[in-house]
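Right, one structure below, let's go through it.
Readers should treat all values here as calculations from the given coordinates under stated rules, not as data from a laboratory. It should be emphasised that the depicted structure is a prediction, and the values quoted were computed from it without experimental measurement. For neighbour counting, all protein chains shown are included, and Cβ atoms are generated from backbone atoms with ideal geometry for every residue, glycine included.
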Amino acid sequence: MSKKVIHKADTRGHANHGWLDSHHTFSFASYYNPERMNFGLLRVLNDDIVAPGMGFGAHPHDNMEIISIPLAGELAHQDSTGNKKLIQTNDVQIMSAGSGLTHSEFNNSKTDKVNFLQIWVFPKEKNITPRYEQKTFNPTDRQNKLQTVVSPEKDAASIWINQDAWFTLGSLKADFTEAYKLHKAGNGVYAFVLEGEVEIDDEKLSKRDGLGITDLETISIKATSDAELLLIEVPMK
């Protein structure tokens, strides 16, 4: 029997710092909820809106897989491994913080806000050499199908993560149905609705709702309107 946890959009933690308007699915910074520390090895899922020209100054991380997915606008990235990049809609960025790095992320626009997801996953191996990767994914490859953008497969079309985790995006038309088969026994799936409405294993979800499911091999997906969906499959321990 599968187990489910539902996080409705309006129950997320919220912090508005002026330059940053952030919603936290899991405990983060000043938002603390002992019942929402993580979903398995998924530690952070932040929905961040950054004001024009503003951003996160250089700060350190270690032993965390940090994924950024821009939903609107452009982020200017810089880090201590020498990378200076621009990430845009349809890009996915990952940093394996490993033994330690510093980075900054700024809104590249002086006029428009940027909205991106900041996601942290605990690593499989600790203290690896810090690494950075980003790729642009063709949005037509997720029209009414599921597109894997993050995986532990180093030579795949996706970007590599130091964990047995898979991230999948879908741009789904109303009435689209699909069965998502988990890649690894013991993993769970956290579904996050970016736009529209979907039913996952008969649970009705709307924009920015989250649903974690464990103890099953396949989940059923139905778009009840045009929808954008992110699936995060992670080990549960």
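Computed from point charges on the beta carbon alone (+1 for Lys and Arg, -1 for Asp and Glu), the dipole magnitude for the stretch 1-88 about its Cα centre is near 300 Debye. Cβ-Cβ distance of A157 and N63, R₀ of 35 Å, FRET efficiency by 1/(1 + (r/R0)^6): the value works out to about 0.85. Among the trypsin sites (Lys or Arg not before Pro) within the stretch 153-231, those in coil by DSSP and having at most 16 neighbouring Cβ atoms inside 10 Å are K154, K173, K184, K207.
The convex hull drawn around the Cα atoms of the chain, when projected onto a plane and averaged over every direction, covers 12.1 nm². Non-local lysine pairs in the stretch 139-235, meaning eight or more places apart or on different chains, with alpha-carbon distances under 26 Å, amount to 20. Counted residue by residue at 0.36 nm each, then reduced by the alpha carbon distance between them, the extension gain from K85 to K124 reaches 11.4 nm. Around the Cα centre of the chain, unit charges on the Cβ atoms of Lys, Arg, Asp and Glu (plus for the first two, minus for the last two) sum to a dipole of about 380 debye. Pairs of Lys residues in the stretch 13-136 are counted when their Cα atoms are under 30 angstrom apart and they lie 8 or more places apart or on different chains; the count is 14. Across all Cα atoms of the stretch 139-235, the radius of gyration (one decimal) and Dmax (whole number) stand at 12.7, 36 Å. Rounded to the nearest 0.05, what FRET efficiency do T224 and D21 have when you use their Cβ-Cβ distance and R0 = 25 Å? Rounded to the nearest 0.05, the efficiency is 0.35. Residues of the stretch 147-180 with the amide nitrogen closer than 16 Å to a label point 7 Å from the Cα of E203, along Cα-to-Cβ, please. So the set is 180. For the stretch 1-126, the normalised intensity computed at q = 0.19 Å⁻¹ comes to -1.14 (log10 of I(q)/I(0), Debye sum over alpha carbons, equal scatterers, no solvent). Computing FRET efficiency as 1/(1 + (r/R0)^6) for D164 and R131, where r is the C-beta to C-beta distance and R0 is 22 Å, gives about 0.80.
You can think of it this way: the chain between S2 and H14 has 1.4 nm of extra reach, that is 0.36 nm per residue less the Cα-Cα gap. The magnitude of the dipole of the stretch 53-181, with charges of +1 and -1 set on the Cβ of Lys/Arg and Asp/Glu and taken from the Cα centre, is near 120 debye.
Per residue, the average separation of C-alpha pairs within less than 8 Å and at least 6 apart gives the chain a relative contact order of 20 percent.
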